[in-house]
Amino acid sequence: MSIPGLGQLLPQPTASTTRIVALKRLSEWRFDASRSSSTGVKVRLISGTAERDGTELALNKTYTFVRTKSKILTWSGCTLEISGESEDYVTDFPVAEDSPMVSYLNLHFELQAQRKAAANATRRNRPGPRVMVCGPQNSGKTSLVRMLAALSTKMGGQPLVANLDPGEGLLSLPGTVSAAVFGNVMDIEEPAGGFGVGSTPSSGPSAVPVKLPIVYYFGREKVQDDVALWKDLTSKLASSVRAKFGEDDEVRSAGLVLDTPVATTNQSDIDSLVHAAREFAVNIVVVLGSARIESTLQQILGQEKTSFGEPISVIMLDQSEGVAARDNDFIKSIREASIKEYFFGDSKRTLSPSTQSVSFDDVAIFKTPDEEEGYETPPVGQVLEPAEITAGMSHWTLAVMDASVNDPPETIRQAPVIGFIAVADVDEDRRRLKILSPVTSRLGNKPLVWGRWPEPYINLLG
């Protein structure tokens, strides 16, 4: 309604109430707490069993969800107590077995069979299953990856989980590709469900054991922004995964769950998926929500074998009908929150980053050549160049590389990331930088890389 002279009245949020939600077998309570207050929405399991993306809720424990779009699933029925503001609804099926979750669980059982075979094999040179999950925007890729990893850890496994989507960030800031061993419970309350920076040691003490990721810095939002670099870093990450398999038999037998960038039927996207499948020696490709992508990958990969001599299975599974659509504003808010959490922690753990003042002469900052200078892609032999330190660098996040400032640019660009610093202020007159760092130690001779994304949305010092 409207009042003359005042215009449209904004809708008012409903009052916070406590309510009981009863879920039938194989049904889900889907909620959107992305716009709720700082207190979030609270969920308590009163009876039955329930889980979030494969990680079980404890009975009579209250969980708080803030900045989160997700679901609570029950396999056998449960009762939840809900309090706080959220947009939510229950989804179920007339025939419970029609739920896509049944096919996801069957996939888990198949992976478990392959893990058992790998663990019992006489020759232990072949790892367990390497499954790649792909699909279009809002198809539920990452939720399925998280579920498969959680179900494996529930069975005592230690799978490697890798993320090739620089727009997301697995246990790291956006703009990276990364991998980590998941050998213990995930943090249910974390907005990313255990995949966010809050589950890393750089974010301080955690309620659940932290993970130690292998991270490479892409510094772009989309694969198409620099396909050649993305492929190089994908190959580097795959090499790190193979090395991890060689070091640990339990990790080797548990295998890999691989999350991929959002895909379309565009040839460039298909080429990127094929590259990833070959580099990681994937033997199972799961496509969610796109028969055309499945058909195209079947024609290419279905005729090939892995480097271990295995056939490659390409299968299509239905995407969950209740997958939450994430608009640009929500995705932007999640990115900002992850950067802030990396340096300052969250509501459960407060961090105090080190503030340092350093001379321009004491840091070595590199960047890729600017496009406006005539480079559509970095030319061979000029992967990085020294960056001029100006006020325009303020509020950007820079990657600290595990390399030396004396290394060749190619070595620096493809080195693993050991952390991030944020440029709080640039004083050009005094030639001083004010930086925020999660640790108090000096940078030493570690080179910094200034990417093109994510852009400096926020001033971390207010």
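The values are calculated or read from the model by the stated rules, or taken from the named source; none is laboratory data. Everything numeric here is computed off the predicted structure, so don't read it as measured data. Here the Cβ positions follow ideal geometry from the backbone for every residue, glycine too, while neighbour counts run over all protein chains shown. The accessibility values were calculated without ligands, DNA or RNA, using every heavy atom of the protein model including side chains. Shrake-Rupley method; radii C 1.70, N 1.55, O 1.52, S 1.80 Å.
Using +1 on the beta carbon of Lys and Arg, -1 on that of Asp and Glu, and nothing else charged, what's the dipole of the chain about the Cα centre, debye to 20?
Once rounded to the nearest 20, the dipole reads 1480 debye.
In Å, the Kirkwood hydrodynamic radius of the chain over pairs of distinct alpha carbons?
23.5 Å
Taking only C-alpha pairs under 8 Å that are 6+ residues apart, what is the relative contact order of the chain in percent?
14 percent
For Lys434 and Thr62 in the same chain, what is the full-extension length gain: residue separation times 0.36 nm, less their Cα-Cα distance, in nm?
Values: separation 372, 0.36 × 372 = 133.92 nm, distance 4.08 nm.
Extra length available between Lys434 and Thr62 comes to 129.8 nm.
So how far apart, in nm, are the two label points at Glu110 and Asp361 if each is 7 Å from Cα heading toward Cβ?
Output for this residue pair reads 6.3 nm.
Of all alpha-carbon pairs in the range 64-125, indicate the percentage at a distance above 19 angstrom.
Here the long-distance tail beyond 19 Å is 56 percent of all Cα pairs in the range 64-125.
Percent of accessible area on the range 99-317 owned by carbon and sulfur, 1.4 Å probe?
50 percent
Need one number: convex hull volume per residue for the range 101-202, Cα atoms only, in Å³.
117 Å³
Compute the length gained on full extension between Arg349 and Asn328: take 0.36 nm times their separation in residues and subtract their Cα-Cα distance, giving the result in nm to one decimal.
Extending this stretch completely gives an extra 4.8 nm.
Any chance you could run the full-extension gain for Ser47 through Val405? It's 0.36 nm times the residue separation minus the Cα-Cα distance, nm to one decimal.
Working: separation 358, 0.36 × 358 = 128.88 nm, distance 5.79 nm.
Full extension of this stretch gives 123.1 nm more.
Whole number in Å², please: accessible area per residue of the range 14-91, 1.4 Å probe, ligands, DNA and RNA not counted. Write out the running numbers ahead of the final one.
Details: 3440 Å² over 78 residues.
That works out to 44 Å² for each residue.
Once you place label points 7 Å from the Cα toward the Cβ at Asn266 and Glu385, how far apart are they in nm?
Label-label distance for Asn266 and Glu385, simple model: 2.6 nm.
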